[in-house]
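Only the coordinates and a few stated rules stand behind these numbers; no lab work does. Because the structure is predicted, anything quoted here is derived from the model rather than measured. Heads up, the Cβs are rebuilt from the backbone with ideal geometry, glycines too, and the neighbour counts pull from every protein chain shown.
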Amino acid sequence: MELNPQVVFERMFGDGSTAELRASRRSRDRSILDSLGDSLSRLRVKLSASDKRRIDEYSNDIREIERRLQIAMQASTVAPADLTVPVGVPPTFDEHIKLQFDLLALAFRGDMTRVGTMTFARDLTGRTYPASEAPTAGFHGTSHHGEDPRRILDHAKINQYHIKQLAYFIDKLAKAEDGDGTLLDHSLVLYGTNMGNSNQHLHHDVPHVLVGGLNGKLKGGRHLAYPSKTVPTGNLLLSILDLYDIHQDSQGDSTGKLENL
């Protein structure tokens, strides 16, 4: 797991130079692409108009992320001494999660990885989300709402805010050209939780969302409901593996594959 987007960026696009040289480059506000200028120019001559556009989009995305990382670094150096985030991590959750999603989208688009995971928050976090419609409510606290309608509403607002962050990522994939479609057409995004009822720590009837075409293997626009307290999450995970032609007899506490997926 990597919390710091600056470290993720260096892992993805690091040029093999030392940490000191990379720091020097950042201090001079230079892009990691500067050293590739001639190579990119020669490559563009050989490309079709659509591929030139993709190269330009990818390069612009890298430069924009570098700019935002630089801002985060500067914000960290002038932050109060008691700030709990490491140097290089944006001070707000909103910018932090979007930077991480942008890096993940770039990694998919450049085929640096085929699989990525993102944890929005630790289970026991008390963090608040000022950009949500419940700006002072703590996530873990509202999850144990005691059936109080006001706390349930606050918890719903935080969850809605998290879903909007997911939508940001989905939009990035939907706009990224990839072969005969988009990255979203060729991908599968699983978003979910580990609780069906967080107030009682119940793991029954856990909701999940699947987004993406998976090369035509998954039909969207559906809500699938299964018999209550009988279908474990393992059945969903086992069924997803099947969609990728990875056939296993079981996954965790699975009892079989999902029907109609």
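A few notes on this one:
- Of [x] 31, 24, 18; [y] 57, 16, 12; [z] 36, 27, 15, the label for semi-axes √(5λ) of the Cα gyration tensor in Å derived from the coordinates: [z]
- Here the 3J(HN,Hα) profile of the stretch 168-184, calculated from phi with Karplus coefficients 6.51, -1.76 and 1.60 at θ = phi - 60°, is 4, 5, 4, 4, 4, 5, 5, 9, 8, 5, 8, x, 8, x, 10, 4, 5 Hz, Gly and Pro shown as x.
- In a DSSP loop and with at most 12 other Cβ atoms within 10 Å, the trypsin sites (Lys or Arg not before Pro) in the stretch 200-245 are K219, R222, K229.
- Straight-distance candidates among the lysines for linking to K98, with alpha-carbon spacing under 29 Å and chain neighbours fewer than 8 residues away dropped: K52, K157, K164, K172, K175, K217, K219.
- Interchain or long-range residues, amide H under 5 Å from S31's placed H: none
- Dipole axis of the chain (+1 Lys, Arg; -1 Asp, Glu on Cβ), positive-most option in S254, I170, A134: I170
- Here the residues I71, I62, I246, ranked from fewest to most Cβ neighbours within 10 Å of their Cβ, fall in the order I246, I71, I62.
- Nitroxide proxy distance, nm - points 7 Å out along Cα→Cβ at L261 and I152: 3.0 nm
- Which of M1, Y58, N199, positive extreme of dipole for the chain (C-beta unit charges): Y58
- The alpha-carbon of K229 sits under 20 angstrom from the alpha-carbons of these lysines, leaving out residues fewer than 8 places away in its chain: K257.
- Working ranking of peptides 91-102, 201-212, 44-55 by packing, defined as the average number of other Cβ atoms within 10 Å per residue, highest first, is 91-102, 201-212, 44-55.
- Computed label-point distance, nm, for sites R44 and L202 using a 7 Å Cα→Cβ extension: 5.9 nm
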